[in-house]
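The values are calculated or read from the model by the stated rules, or taken from the named source; none is laboratory data. Nothing here was measured: the structure is a model prediction, and the numbers come from that model. In this analysis, Cβ positions are derived from the backbone assuming ideal geometry, glycine residues included, and neighbour counts consider all displayed protein chains. Accessible surface is based on the protein model in full, side chains and every heavy atom, while ligands, DNA and RNA are left aside. Shrake-Rupley method; radii C 1.70, N 1.55, O 1.52, S 1.80 Å.
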Amino acid sequence: MSTTGMGEETIDALEDLPPSAKLVAKVLEYNDTLTQSELAEKTLLPDRTVRYALTRLEEQDIVESRFSFSDARKQVYTLA
């Protein structure tokens, strides 16, 4: 993986994660904030797979989530 927007610690944490989590992290690296549905659209992964990838990334403190200002029902995700 490129080290463009991710620190070495983040890259090391990504090594043991599934490919879907790596793809989601890479897409977030190039987009500041995205919702789960936007991530599914950009990665072409099923919603359930994106949800699993985000859970794994949050467990490793690679991704942070917060409520969307435009729609409080949704969360937006960014790289930590």
For the stretch 6-30, how many residues meet the condition of being under 10 Å from the mean Cα position of the chain (by Cα) and open to solvent by 40 Å² or more (accessible area, probe 1.4 Å)? 3
Tell me which helices (runs of 4 or more DSSP H) are completely within the stretch 13-61 and hold 3 or more residues being within 18 Å of Ala80 (Cβ to Cβ) and either of a type in the set (Val, Ile, Thr) or touching a Gly at 6+ places or on another chain (Cβ under 8 Å) (or both), or say none if there are none. 19-30
Going through the stretch 34-73 one residue at a time, which ones are of a type in the set (A, V, I, L, M) and either within 10 Å of the chain's Cα centre (by Cα) or modelled with pLDDT under 95 (or both)? Leu34, Leu39, Val50, Ala53, Leu54, Leu57, Ile62, Val63, Ala72
Does the stretch 57-80 hold any residues that are charged (D, E, K, R), over 17 Å from Tyr30 (Cβ atoms) and open to solvent by 60 Å² or more (accessible area, probe 1.4 Å), and which are they? Glu58, Glu59, Asp61, Arg66, Arg73, Lys74
